[in-house]
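One structure coming up, written as structure tokens, with questions to follow.
Just so you know, all these numbers are worked out from the coordinates, no wet-lab data involved. Note that the coordinates shown come from a computational prediction; the quantities given were computed from them, not determined experimentally. Heads up, the Cβs are rebuilt from the backbone with ideal geometry, glycines too, and the neighbour counts pull from every protein chain shown.
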Amino acid sequence: MAIDTILYIDDSKVLQKKYSQVLQDAGYEVLIASDGQTGIATAESADPSLIILDMLMPGLDGVEVLRRLKPQPQPPTFQYWFSVAFRRRMPRS
């Protein structure tokens with residue numbers, strides 16, 4: 001399956017910007033959703049080849065988004081990756 005359209009679902013505006021720039025520079029069409037509900041609606045209307053999901057979003061997290069997309073009448077036609085980014089302060093020495 002060739003990947004041409006990628007849906008990136010993440011509540012972090014910083015990560016949305018970074019991922020979309022890298023993926024667009026690589027030649028992919030990138031769709032962005034800032035929450036799980038919007039991500040589901042976008043996935044259903046745009047039929048992306050790949051969905052990258054943030055596992056730790058408020059509201060519907062990535063796992064729940066995937067659960068809601070998979071029971072569609074047809075088997076999923078997309079691949080998916082989970083993404084997790086932690087922000088941690090380093091101790092001062």
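Which one of 31, 5, 20 has its Cα pushed farthest toward the positive end of the charge dipole of the range 1-43, where Lys and Arg give +1 and Asp and Glu give -1 at the Cβ?
Value computed over the given set: 20.
Same structure again: If we sort 33-40, 20-27 on the protection proxy, mean other Cβ atoms within 10 Å, highest first, what's the order?
Details: 33-40: 19.2, 20-27: 11.5.
Packing proxy ranking, top to bottom: 33-40, 20-27.
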